[in-house]
Amino acid sequence: MTIPTTQTAFGYIKGEKQIQRFDNVPVPQPKSNEVLLKIEAAGLCMSDPHILIGGPPPSLKGEATKFVMGHEVAGLIVQVGSELTGDSTYKVGARFALTIAQSCGFCKNCRAGKDNACTKSFQAYGLNEDGGFQQYLVIRNLKSLLPIPKALDYATAAVSTDSVLTPFHCIQKVRHSLLPTTKVVVFGLGGLGMNAVQILKNYGCKIVACDVKSELEKDALNAGADEFYTDINKSKHFPESFDICFDFVGIQVTSDACQKYVKAQGKYMIVGLGRSKALIKTYELARREVEIIFNFGGTSAEQMECMEWIAMGKIKPILTEVPFKELPLYLKKLVKGEIKGRVVFRPSKL
């Protein structure tokens, strides 16, 4: 195939609150131990507008002032460096999804399999360095390449890297508590929450789903929820009656609801990052000995398992593929709450 010399991209520029379009961006050439990935799918996440408003996370390379966004990425290798020629793992045409965080592989956490919490690397595709909102991306850290199962298309593989992985990761932390008698509530049925319901269904627990959008009721029940409410306070459930409360929104309203409805010695799982702060009722939660567990992303091993779950049909992410050139439009739709599930772009088809 012919690789162009320039490409179109969308990304972040410090001081700008809207995503920027970059035209005539040079297509980089991979060095001896690098590969060039043609981006076949890139998902849109609520973290993207958060970056535009609040800025990117810290970077090893100093403050990131301009970069291509997009952290849910899948594609195929179209060029390999000289040292990788003949390596069957990184051959031209091989399909991969990317881990978001570029872990070092050597620190204590990485050695323990907790590469999402690498203590040496603060680089992440699309969050503080170039990501998938472009046609081609050089992969320098080969550890970030995860092979896509044959049964998965690129769009599904892309959303597995965050939209599926993040709820999967948090649920694995409490999976031993998920019994047929366990009662859980899921607040927020967006890109992550709806996948959480599907994952939880596999553990046979009682699932109550909550979202202010009444039109999501059918999808929630089809995904595996036993009940759906737009307001948990108007449900048949009493305060302090849930074993586990999952907050996939992350605003004060949903935090308050979790704190109110989690039972004594229950678990309050914070996943959504709708706001940077939330007030915690320390006395009330201390009295009940509630365990508060924060979550962020997931490990590469969990991401591989997520893709296998999807390949087996245990998870069916809700997604819509839209033209890459309409990315700014769909970013605005996302902020307005007008998107169901995940939106995925095909940068290779501008």
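No value in this document is a laboratory result; all are computed from the given coordinates. Remember, it's a predicted structure, so these values are computed and weren't measured experimentally. Because the Cβ atoms are built from the backbone with ideal geometry, glycine has one as well, and the counts that use them run over all protein chains shown.
Based on the alpha-carbon gyration tensor of the range 1-122 and its eigenvalue square roots a ≥ b ≥ c, which shape applies: rounded if a/c is under 1.5, prolate if not and a/b is larger than b/c, or oblate? Present the calculation step by step, with values, prior to reporting the outcome.
Details: a/c = 1.96, a/b = 1.13, b/c = 1.73.
Verdict is oblate for the range 1-122.
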Item to check | Restraint check, Lys17/Lys333; Lys314/Lys336; Lys14/Lys114; Lys213/Lys263; Lys108/Lys150, Cα-Cα greater than 21 Å | outcome: Lys314/Lys336; Lys14/Lys114; Lys213/Lys263; Lys108/Lys150
Next on the checklist: Just to be sure I understand the model, the point goes 7 Å from the Cα along the line to the Cβ. What's the resulting Arg175 to Ile280 distance in nm?
Outcome noted: 2.6 nm
Checklist outcome for this item: Fewest to most Cβ atoms within 10 Å: Cys104, Cys258 sort as Cys104, Cys258
Checklist entry - Listing Thr299, Thr156 from the residue with the fewest other Cβ atoms within 10 Å to the one with the most, what is the order? => result Thr299, Thr156
Checklist entry - If you plug each phi of the range 129-137 into the Karplus form 6.51 cos²θ - 1.76 cosθ + 1.60 with θ = phi - 60°, what whole-Hz ³J(HN,Hα) values come out, in order, with x for Gly and Pro? => result 8, 3, x, x, 7, 6, 7, 9, 9
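Given R₀ = 45 Å, FRET efficiency for Ser241-Ser88 by Cβ-Cβ distance, to 0.05? Mind dumping the intermediate values first?
Numbers: r = 54 Å, r/R0 = 1.21.
Taking R0 as 45 Å, the efficiency between Ser241 and Ser88 is 0.25.
With a sphere of radius 13 Å drawn around the Cβ of His71, what net charge do the other residues whose Cβ falls strictly inside it have (Lys, Arg +1; Asp, Glu -1)? It would help to have the intermediate numbers written out before the result.
Numbers: positive: Arg342; negative: Asp48, Glu72, Glu129, Asp130, Asp162.
The answer is -4.
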Item to check | CD proxy at 222 nm, helix term only [per DSSP H run n ≥ 4: -39500 (n - 2.57); per residue of the chain; nearest 500] | outcome: -6000 deg cm²/dmol
Checklist outcome for this item: Spelling it out for Phe122: with amide H atoms placed in the peptide plane at 1.01 Å from N, the residues 5 or more places away or on another chain with amide H under 5 Å from its amide H are Leu60
Checklist entry - Highest GNM mean-square fluctuation, the chain, Cα pairs closer than 10 Å: which of Met307, Met194, Met46? => result Met46
Checklist entry - Amide H to amide H, which residues 5 or more places from Phe22 or on other chains are under 5 Å from it, using H placed in the peptide plane? => result Ala9, Phe10, Gly11
Item to check | Bins of 20 Å from zero: percent of alpha-carbon pairs in the chain | outcome: 30, 57, 13, 0
Item to check | Ala209 long-range amide H proximity, modeled H, under 5 Å | outcome: Val186, Asp226, Glu227, Phe228, Tyr229
Checklist outcome for this item: GNM of the chain, Cα pairs under 10 angstrom: of Met312, Met304, Met69, the biggest fluctuation goes to Met312
Checklist outcome for this item: The distance between the Cα centres of the range 67-120 and the range 269-305, in whole Å, is 27 Å
Checklist entry - Going by the alpha-carbon gyration tensor, a ≥ b ≥ c the square roots of its eigenvalues, is the range 166-294 rounded (a/c under 1.5) or, if a/c is not under 1.5, prolate (a/b greater than b/c) versus oblate? => result rounded
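Using the C-alpha gyration tensor of the range 269-350, what are the square roots of 5 times its eigenvalues, in whole angstrom, with the largest one first? Walk me through the numbers on the way to the answer.
Working: eigenvalues 223, 88, 23 Å².
Whole-Å semi-axes of the equivalent ellipsoid: 33, 21, 11.
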Checklist outcome for this item: The simple spin-label model distance between Thr320 and Glu305, using points 7 Å out along Cα→Cβ, in nm, is 3.3 nm
Checklist entry - Which whole-number value in Å³ per residue fits the convex hull of the alpha carbons of the range 174-214? => result 63 Å³
